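Participant: Before anything else, here's the structure in question.
The values are calculated or read from the model by the stated rules, or taken from the named source; none is laboratory data. Because the structure is predicted, anything quoted here is derived from the model rather than measured. We place every Cβ from the backbone using ideal geometry, glycine too, and count neighbours over all the protein chains shown. These area figures cover heavy atoms from the full protein model, side chains too; ligands, DNA and RNA do not enter into them. Shrake-Rupley method; radii C 1.70, N 1.55, O 1.52, S 1.80 Å.
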Amino acid sequence: MHRRLILLLWAATGVLFAQPDPSGSPQTVYTGLYLMNVYDLNMNEHSFHADFYLWFRWTGDKDPMQIEFVNAVEKWSITQTVFYDSAVVLPDGSYYNGMRIEGRFYHPFVLNRFPLDRHQLQIQIEHTDYPADSLRFVPDTARSLYRPDMQLPGWKVQHAEVQMVDNRYQTDFGRADEGMRAFSEITFRLRLARPLSYFLLKLMLPLTVVVLASLGAFLITPSYIDARISLPIAGLLSAVFLQQSYSAALPDVGYMVLMDKIYLLSYVLIAGMLMRIIISSNQARLAPEEASLARILRRDLRLGFLFFGVYMLIWLALVLGG
């Protein structure tokens, strides 16, 4: 909307705000960002809130303070508090100004690796008037990009970086004489990951206990069919409830996440155990002698170790793959 308004002003007044510098090179604007807080990561609405400082240092007559947040959500709610009413002149002759910003930004949360998923939260900034051939953002060197004691409950901050790219819009905004323009874009990225303890202790530990308890059915003599079959059935019901507990915290997605695949593997294991228990119980009824029961029990124990070994191998392949 901002760029369409600017193009209309160009046509009405003939004032070309976006003309390149007469020297042929764009004005360089050193841009820095310092993140204070990130909160309210909303996976259902694919957004997050950020509070940060943004500053500019430049030499030239083009004021870089008129910016647009490309991935902002609810732009009316973004607050911008500028450092100075007008740019200050530094001892080296360059201009300096900045602002503190708080707002909500869009991020598509891809959860196919949940709960080992990693995300790069982005804040994308462009100038509203000048294209890349007139003004170019350059990352300003800074010691740190975010507050050292910043914490995101349930997440671990891994890395932060600032990059400069040219964002070329695949449209001329109705001005064929202007063509498609590229705008210099400064992008801040914050890489987050879930703690490994969340995956191992809160999700995998209960499921592993359920699987091992179900495998305990192979330790019971085949003549006790009711006791043997009750363990896998109870394990199956427990696994269903455990899966529902974490699924309730995730948005509706059209694909299986990593944890869904692990639970599907657990269901296949429990189903295989049930089939084996039914077969061995039928064999025990046909041959109720002690020797036959002992032979069936030994065979079931070997199958139990085999089932669990295959289960762990496929589990590792799912976790380490992709």
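Participant: Take the conditions open to solvent by 40 Å² or more (accessible area, probe 1.4 Å) and part of a helix (DSSP H, G or I) and apply them to Leu215. Does it pass?
Facilitator: When the stated conditions are applied, Leu215 does not pass them.
Participant: All but one of (1) hydroxyl-bearing (Ser, Thr, Tyr); (2) surrounded by fewer than 16 Cβ atoms within 10 Å (Cβ to Cβ); (3) assigned to a strand (DSSP E or B) hold for Ser230, so report the exception by its number.
Facilitator: (3)
Participant: Only residues that are more than 9 Å from the chain's Cα centre (by Cα) and assigned to a loop (DSSP other than H, G, I, E, B): list them for the stretch 115-127, please.
Facilitator: Within the stretch 115-127, Pro115, Leu116 qualify.
Participant: Starting from residues that are over 19 Å from the mean Cα position of the chain (by Cα) and loosely packed, with under 15 Cβ neighbours inside 10 Å, keep the ones in the stretch 37-77 and report whichever is farthest from Trp155 (Cα to Cα).
Facilitator: Looking at residues that are over 19 Å from the mean Cα position of the chain (by Cα) and loosely packed, with under 15 Cβ neighbours inside 10 Å, I get Asp61.
Participant: Let me ask something else. Would you pick out the residues in the stretch 1-36 that are at pLDDT below 50, under 38 Å from the mean Cα position of the chain (by Cα) and not in a loop (DSSP other than H, G, I, E, B)?
Facilitator: Once the filter is applied, which keeps residues that are at pLDDT below 50, under 38 Å from the mean Cα position of the chain (by Cα) and not in a loop (DSSP other than H, G, I, E, B), the stretch 1-36 yields His2, Arg3, Arg4, Leu5, Ile6, Leu7.
Participant: Contact list please: Cβ distance under 6 Å, first residue in the stretch 133-151 and under 14 Å from Trp55 (Cα atoms), second residue assigned to a strand (DSSP E or B) and open to solvent by 70 Å² or more (accessible area, probe 1.4 Å), pairs at least six apart or on different chains.
Facilitator: Going by the 6 Å Cβ cut-off, the qualifying pairs are Val138/Tyr30; Asp140/Tyr30.
Participant: Filtering the stretch 91-113 down to residues that are touching an Asp or Glu at 6+ places or on another chain (Cβ under 6 Å) and part of a strand (DSSP E or B), which residue is least open to solvent (accessible area, probe 1.4 Å)? It would help to see each step written out before you state the result.
Facilitator: At the first step, the residues of the stretch 91-113 found to be touching an Asp or Glu at 6+ places or on another chain (Cβ under 6 Å) are 102, 104, 111.
Retained after the next criterion (residues that are part of a strand (DSSP E or B)): 102, 104.
Working: Glu102: 72, Arg104: 26 Å².
So, considering only residues that are touching an Asp or Glu at 6+ places or on another chain (Cβ under 6 Å) and part of a strand (DSSP E or B), the one least open to solvent (accessible area, probe 1.4 Å) is Arg104.
Participant: If you don't mind, another one. Between residues in the stretch 153-174 that are within 30 Å of Ser197 (Cα to Cα) and residues that are open to solvent by 70 Å² or more (accessible area, probe 1.4 Å), which pairs lie under 6 Å by C-beta distance while being six or more apart or on different chains?
Facilitator: Gln158/Arg191; His159/Arg191
Participant: Here's a follow-up. Can you tell which of Ser238, Ser266 is assigned to a helix (DSSP H, G or I), farther than 19 Å from Leu318 by Cα, modelled with pLDDT of 95 or more and not hydrophobic (A, V, I, L, M, F, W, C)? Break it down into steps so the answer makes sense when it comes.
Facilitator: On the way: Ser266 fails: farther than 19 Å from Leu318 by Cα.
Every option except Ser238 fails the conditions.
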